[in-house]
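As structure tokens, the structure follows; a few thoughts come after it.
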Amino acid sequence: MADNKHNVITDLKSLFGILRTRRTKAFAYGFMFAFLACTVFIAFNPNVFYFFPNSGENSNQKENEFSSEITKNQRNQTQIDLDNPVPDQQRNGSMKNGTIGVLENHKNGTIGVLENQKNGTKEVSETPKNGTKEVSETPKNGTKEISETQKNGTKEVSEAQKNGTKEVSETQKNGTKEVSETQKNGTVGVIESQRNPTVSENQRNKTTKVSENQRNKTAKVSENQTGAVSENQTNKTVSENPKRENSLLNSLKDCDIFDGKWVKDDSYPLYSEGSCPYIDEPFDCFLNGRSDRMYQKLRWQPNGCNIPRLNGTDMLERLRGKRLVFVGDSLNRNMWESMVCVLRNSVKDKSKVFEASGRREFRTVGSYSFIFKDYDCSVEFFRSPFLVQELEIPEPNGTVKETLRLDLVDKHSPKYKNADIIVFNTGHWWTHEKTSKGKDYYQEGSHVYGELKVIEAFRRALTTWARWVDANVNPNKTHVFFRGYSASHFSGGQWNSGGQCNRETEPIKNETYLASYPPKMNVLESVMKGMKTRISYLNITRITDYRKDAHPSIYRKQNLTEDERRSPERYQDCSHWCLPGVPDTWNELLYAQLIIKQQ
């Protein structure tokens, strides 16, 4: 009995063991079947998760579709499988269609803006160190840069510290573009607040590039920190901007405008070569065949300030109803013709600018006057190379003796003493053979000196001139200038002995090669200090000494004589200046001092 009971128990245990094993296997097989069925179902129905609001990346893409204002066709499209490549046409048009997915990487502080993870057509990165944000697209779409530190204000980047969102806004006439970073899902939606969801090429150019005009308006760009005045700015008169004028005046008052250097400026010359018919043939290097142009492209830049560009319209307004007179030698005629050309260039009706006597050649003895009819003003020249009188004394043998009356001023002086502005000069004629030797040439009263040193004769002549100015010129009406000595650059001889400068095409750059200051200019400065009348001194000696490149040289005339044609290098002009050229700068310095004086 006991044995039978034991056998039954053993049999039951064996039966339950078998059942337990079969149940386990059955459960395993059933689970595997269900898993395979679900896998197959999911494989053939990939959009099954699209309807679940929080299904990871699918929910992000759904939300981006709603926030980007996509087109009808795009709204109807299903989720793009990130493992499948996007066609080029769709990829290139991603910005227009607004289908941009955005992921934020908190570890490296960068924001990636993606159309497609594989394509990576747009990426926005922020660098915390420099505070800038760069947006780069594929080469087809071009490149864009957004800087938070731009001065023109076309783009602003703000950070909301509380919720960690960021907003980039670009304000335009055609609409705005906002990029916001949402807090809930840490993604960035791109919103184009325009009726047309596409952004045209022109709009993209406006939002991502600062135009040349905007840069000109928002920034004052100077050459080598010199504050050079741009060509557009110089078309305006100085007086149009009171603040600018006051700043300019303050800088000029305490500045030595004659201490500086020549700098390249492509906005020069002040008038085009060949445009002024009143340039004498010896000064018209362009007409006479000079081909290089660099000598026209240099501007004088003082070391401690900036001088205004000579504005012809403003100068004529300052001269309205007045007389501007140049008195002196052919170098002052050089300056006078420069001024006439600058002013004429600013007049619309050129027929209202004319020489009073109708002359077109200005090298003979006498005086000349250009009338600017619309401004009721004149710009005049009186030839007086010594500022004192040249006389011819008949000799008993029938010859004529030439003398220089050191005690009598120029005989034309009564004609210009009441002018509003007078610019005097003398110097070059004191270097000629007769004046340099000083034998039987200088005269005071009835006495002709058998010999007198030229430096003493120069002092006496200038003293006579100074006394005349003090006695005859009304300083309350007339502003008197004296232009200093203009440097010559004859090499290998003098003006009458084969001196040359025709191979010079660049100015002197090393100051050690400049000439010493002329002793005659020391005499001039001494005489002016003793005058009652205040004289404005245009000390252009050092300025011109640099410019060995700007003389007419062999380009001084068109019709050469037979001897000149055979040996043109023997006949060169290294004293006067090509026009346009250096004398234009003298007139800019005159203009600057007139601005100070008239204020």
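Before moving on, here are some points about what is shown:
- Database remark: amide H of Leu298 closer than 5 angstrom to the amide H of Asp265 (H placed geometrically; neighbours at sequence offset of 5 or more, or on other chains; Pro and chain starts carry no H).
- Using a Förster distance of 22 Å, the FRET efficiency for Ser272-Glu355 (Cβ separation, nearest 0.05): 0.60
- Two-site label geometry, Leu249 and Glu402: point separation in nm, points 7 Å out along Cα→Cβ: 4.8
- Residue pairs, from the table Lys322/Lys417; Lys434/Lys557; Lys322/Lys350, whose Cα atoms sit over 21 Å apart: Lys434/Lys557
- Between the amide H of Leu408 and those of Gln389, distances stay under 5 Å, these residues lying 5 or more places away or on another chain, with hydrogens modeled in the peptide plane.
- The order of the peptides 389-398, 542-551, 438-447 by mean Cβ neighbours within 10 Å, most packed first, is 542-551, 438-447, 389-398.
- Inter-label distance, Glu569 to Met294: 2.0 nm, where each label sits 7 Å from its Cα along the C-beta direction.
- Put a dot 7 Å past the Cα of Ile596, heading toward its Cβ, do the same for Met32, and the two dots end up 10.4 nm apart.
- Accessible surface of segment 299-428, 1.4 Å probe, proportion on carbon and sulfur as whole %: 47
- Theoretical gain in end-to-end length, Leu391 to Glu281 [0.36 nm per residue, Cα-Cα removed]: 36.7 nm
- Gap separating the Cα centres of segment 484-560 and segment 352-418, nearest whole Å: 23
- Semi-axes of the equivalent ellipsoid for segment 408-512, Cα gyration tensor, largest first, Å: 31, 23, 11
- Taking amide H positions as modeled 1.01 Å from N, with prolines and chain starts lacking one, the residues under 5 Å from Val327 and 5 or more places away or on another chain are Phe382, Val423, Phe424, Asn425.
- Entries of Lys253/Lys532; Lys411/Lys532; Lys352/Lys415; Lys373/Lys477; Lys415/Lys453; Lys243/Lys352 with Cα pairs more than 28 Å apart: Lys415/Lys453; Lys243/Lys352
- Taking all protein chains into account, the per residue accessible area for segment 368-527 stands at 49 Å² (1.4 Å probe).
The values are calculated or read from the model by the stated rules, or taken from the named source; none is laboratory data. Every value quoted in this text rests on a predicted model; they were computed, and no experiment measured them. With ideal geometry, Cβ positions are generated from the backbone for all residues, glycine too; neighbour counts draw on all protein chains shown. Each accessible area value is taken on the protein alone, full model and side chains, heavy atoms only, with ligands, DNA and RNA left out. Shrake-Rupley method; radii C 1.70, N 1.55, O 1.52, S 1.80 Å.
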